[in-house]
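Note sheet for the following structure.
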Amino acid sequence: MKKFYITTAIYYVNAEPHIGSSYTTIIGDVIARYKRMMGYDVFYLTGTDEHGQKIEQAARERGIEPKQLCDEIAGKFKQLWKDLGITNDYFVRTTDEAHVRTVQYFVSKMLENGDLYKGIYQGWYCVPCETYWGEDELEVDEHGHKLCPSCKREVRLIEEENYFFRLSKYNGPLLKLFNENPKFVEPDFRRNEMLRILESGLRDLSITRTTLKWGIPLPADPQHVIYVWVDALINYVSAIGYPDNPEMFNKWWPADVHLIGKEINRFHSLIWPAMLMSVGLPLPKKIYAHGWLTVNGQKISKSLGNAIDPREYVNRYGNDVVRYYLVRDIMFGRDGDFSEENLIKRLNSDLANDYGNLLHRTLAMIQKHFDSRMPEIGALEDIDRKLIEEYEKAEASYIELMDNLEITDAVDRLWQFISLLNKYFDETHPWIIAKEGNKERLGTILALVTENIMKVATLISPIMPDSSAEVYRRLSIEPRFTHETLQGWDNLKGKQIIHGEPLFKKMDKSEIDVGVRLTNVSSVEEKVEMNENTNPSVNVVTTEELIDIDTFKKLDLRVAKIVEAEKVQKSEKLVKLQIDLGDLGKRQIVAGIAQYYNPEELVGKLIIVVANLKPAKLMGIESKGMLLAAKKDGQLRLLTVLGDIEPGAKIS
Ligand code: ME8
């Protein structure tokens, strides 16, 4: 049996879990369940990161001991994962005795191997990020305060004797690793960020502190406490028995995927592999650094009061709906926005209409015309054979996309098939055939649709385990999701079916009380877009209306280079771009692409713009032109040119 070892970031216990940390854990769970369904032996690990200054400080603020805080918050994480039906195989805590022993063993090995040396660290430290920064990396605010480039909070100057890790020694081996394994870090734009850091050269890393008590002492020099990041990263091997349980360790290591958020990519893609190289252990196969979630367009934070407990949504809509929404609406890998309004749209259209209603209609007819017994599939007609072919194509693409961790696209592909299945149902008009009394044909249509729904329920079970189990129950089959149920077309013959209530209940937007406050932001934005009559992303041209060449020539289409890009504040969709149009000079445009691209990945890219469009204002910001993009089924891709050409080049 093939194995699959997947981990999430382990979460700090200074604050309670929220929708952001839940996002990583839910996606990890989706992947773990998918691999189990495909026949892998899976180990899914999550846990909590409990040492360091940030936790010590949080405990002090509450007037309790750090360990007491850790126990309390780790308990809350565990309970939340249980409530969300997360199927982690283990929950690691960095205060676990076994973890502490492993960290001491690991770091002692780094010391023995000559990779640690003592020196004076004088520099800057960000407590919220538990990160050391070089002077040249800091940002400065208008009062001259030095700020962390990651979280923008003030850094502290520290000077103390530390042990350093010879990270610079691994610069060359890491470059080689990146060049030989282009998929070591994904998505590719995150990999490129890491490559740029490597190309500018790594500095040695301070990995102990003497002014801190809440941490794991270095055995060779116990006044020194091991840096919390070094301690935390080692969880990925301590949790699977390194070094005491070689049988278990060798079974699972190396990890197949470390799933993390983009802000901690450097630790996982550069420092962690260097640490592993130092002790001579194999490297993980992949680091996947996903994007960040905002809530109704705003950063998740306690002070904004939007660090929501996902149970609030689960209680309102059900676990599967929240999971489906997160996977489908937040393009996996990119930043995305959690909006209750969009969740309801997905629930009503994709789940209630497309999926649930199809099951409902089909089972209602089987109940009525076949006394609730699944009919047999009889002679196939062309339309039936075509449907089977389409299913096979959809299944193959779904599996390929899931294997490549293109989870959003995989689900999107499956829903394209569900649309086809609905179309089949409508085009074969079983209600007319029922009236005509052709039982064999009616049975074939209904059984074929139901077999397809069962297969869809199997494929979607990693994302929506509860509703898939419910579909199975209504078809009188054991809710054990394996790829074997995808085989053949007579899995259901003769089964007793249960019609039951609709699988998903539609919700009305007015039924919700939260979200209203912040969804105003997007409705304002939509209004502006409509009034200005300039949908900034794409305009649809219907093929029926033929135009002559002169009409086309009225458009001044040009190649432009993006020189700056930033998200428009308070807008879910808009990005402000400064573009270079060569001879036409530089100018600003605003485009509704924030849900599809991160501003940072756009800089330097060549795009196509309509350069002679009347200027318009979007959310008060002037836009002088419109970029072109292709849009289909909730996907959007910018148009570009094949090969290099100077900005300003005319398109004809
Ligand atoms: O960084 N959107 O822990 P942490 C998406 N202990 N994901 C989010 C998110 C958001 N808004 N907010 C948090 C640490 N996450 C370290 C990790 S690993 C050896 C040590 C998720 O509590 C995302 O996975 O700050 C992110 O990387 C992680 O939580 C950070 O959690």
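The values are calculated or read from the model by the stated rules, or taken from the named source; none is laboratory data. Just so it is clear, the structure is predicted and the values come from calculations on it, not from any experiment. Cβ placement follows ideal geometry from the backbone for every residue including glycine, while neighbour counts extend to all protein chains displayed. Surface accessibility is based on the protein's heavy atoms, side chains included, excluding ligands, DNA and RNA. Shrake-Rupley method; radii C 1.70, N 1.55, O 1.52, S 1.80 Å.
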Exercise. How much of the accessible area of the range 579-652, probe 1.4 Å, is carbon plus sulfur, in whole percent?
Worked result: 53 percent
Problem set entry | Low-density loop cleavage sites - GluC sites (Glu not before Pro) in the range 305-386, where at most 15 other Cβ are within 10 Å (DSSP) | E376, E381
For this session: Write down the accessible area per residue of the range 1-51 in Å², having rolled a 1.4 Å probe over the full set of protein chains.
Result: 23 Å²
For this session: Compute the Cα gyration tensor for the range 113-252, then decide on rounded, prolate or oblate, letting a ≥ b ≥ c be the square roots of its eigenvalues: rounded whenever a/c is under 1.5, prolate when a/b is larger than b/c in the other cases, and oblate in all that remain.
Result: oblate
Exercise. Here are some pairs, K455/K493; K35/K251; K423/K455; K169/K285; which of them have Cα atoms lying more than 19 Å apart in this structure?
Worked result: K169/K285
Seminar exercise, completed: Using alpha-carbon coordinates alone, the radius of gyration and Dmax of the range 1-86 in Å work out to 15.1, 50
Exercise. Taking Cα centroids, how far is the range 574-652 from the range 130-203 in Å?
Worked result: 31 Å
Problem set entry | Solvent-accessible area, 1.4 Å probe, carbon plus sulfur percent, for the range 339-478 | 48 percent
Exercise. Check K605: other-chain or 5+ apart residues with amide H under 5 Å from its amide H, H built from backbone geometry?
Worked result: I562
Exercise. Which angle between 0 and 90 degrees, to the nearest 10, do you get for helix 407-427 versus the longest principal axis of the chain when only C-alpha atoms count?
Worked result: 10 degrees
For this session: For K176, go through the aspartates and glutamates and keep the ones whose alpha-carbon is under 14 Å away, minus same-chain ones fewer than eight residues off.
Result: E199
Problem set entry | ³J(HN,Hα), Karplus 6.51/-1.76/1.60, whole Hz, each residue of the range 571-582, x for Gly, Pro | 10, 7, 10, 8, 10, 9, 10, 9, 10, 9, 10, x
Problem set entry | Nearest-ten-degree value, helix 53-62 long axis tilted from longest Cα axis of the chain | 80 degrees
For this session: Would you mind getting the Kirkwood hydrodynamic radius of the chain from its Cα pairs, rounded to one decimal in Å?
Result: 27.6 Å
Seminar exercise, completed: Taking alpha-carbon centroids only, the range 346-382 lies from the range 14-46 a number of Å equal to 32 Å
Seminar exercise, completed: Dividing the helical contributions, -39500 (n - 2.57) per DSSP H run of n ≥ 4, by the residues of the chain yields a 222 nm value, nearest 500 deg cm²/dmol, of -12000 deg cm²/dmol
Exercise. Across the range 207-219, in residue order, what do the Karplus-derived ³J(HN,Hα) couplings come to in whole Hz, using 6.51 cos²θ - 1.76 cosθ + 1.60 with θ = phi - 60° and x for Gly and Pro?
Worked result: 10, 9, 9, 9, 8, 10, 9, 7, x, 9, x, 7, x
For this session: Return the carbon/sulfur percentage of the accessible area of the range 1-120, one whole number, probe 1.4 Å, all protein chains in place.
Result: 48 percent
For this session: Taking amide H positions as placed in the peptide plane 1.01 Å from N, state which residues far from I287 in sequence (5 or more) or on other chains have amide H under 5 Å from it.
Result: V185, E186, H258
Problem set entry | Nonlocal amide H pairs with R334, under 5 Å, H built at 1.01 Å | G291
Problem set entry | For the range 326-437, accessible area per residue (1.4 Å probe, heavy atoms of protein chains only), Å² | 41 Å²
For this session: Over the range 110-246, average the accessible area per residue using a 1.4 Å probe and give it in Å², no decimals.
Result: 46 Å²
For this session: Could you tell me whether the range 359-445 comes out rounded, prolate or oblate from its Cα gyration tensor? Rule is a ≥ b ≥ c as square roots of the eigenvalues, rounded for a/c under 1.5, then prolate if a/b exceeds b/c, otherwise oblate.
Result: prolate
Problem set entry | Gyration tensor verdict on the range 38-99 (Cα atoms; rounded if a/c is under 1.5, prolate if a/b is larger than b/c, oblate otherwise) | prolate
Seminar exercise, completed: For Y236, Y11, the accessible-area ranking with a 1.4 Å probe, largest leading, is Y11, Y236
Problem set entry | Backbone HN-Hα couplings from phi across the range 461-478 [Karplus 6.51/-1.76/1.60, Hz, Gly and Pro as x] | 4, x, 8, 10, x, 6, 6, 5, 5, 5, 4, 4, 4, 5, 9, 6, 10, 4
Problem set entry | Per-selection metrics, the range 66-174 (Cα): Rg and Dmax in Å | 18.8, 49
Exercise. Counting only Cα, what are the radius of gyration and maximum Cα-Cα distance Dmax of the range 324-363, in Å?
Worked result: 12.2, 39
Exercise. Quick one: how many Å² of T87 are accessible to a 1.4 Å probe, rounded to 10?
Worked result: 40 Å²
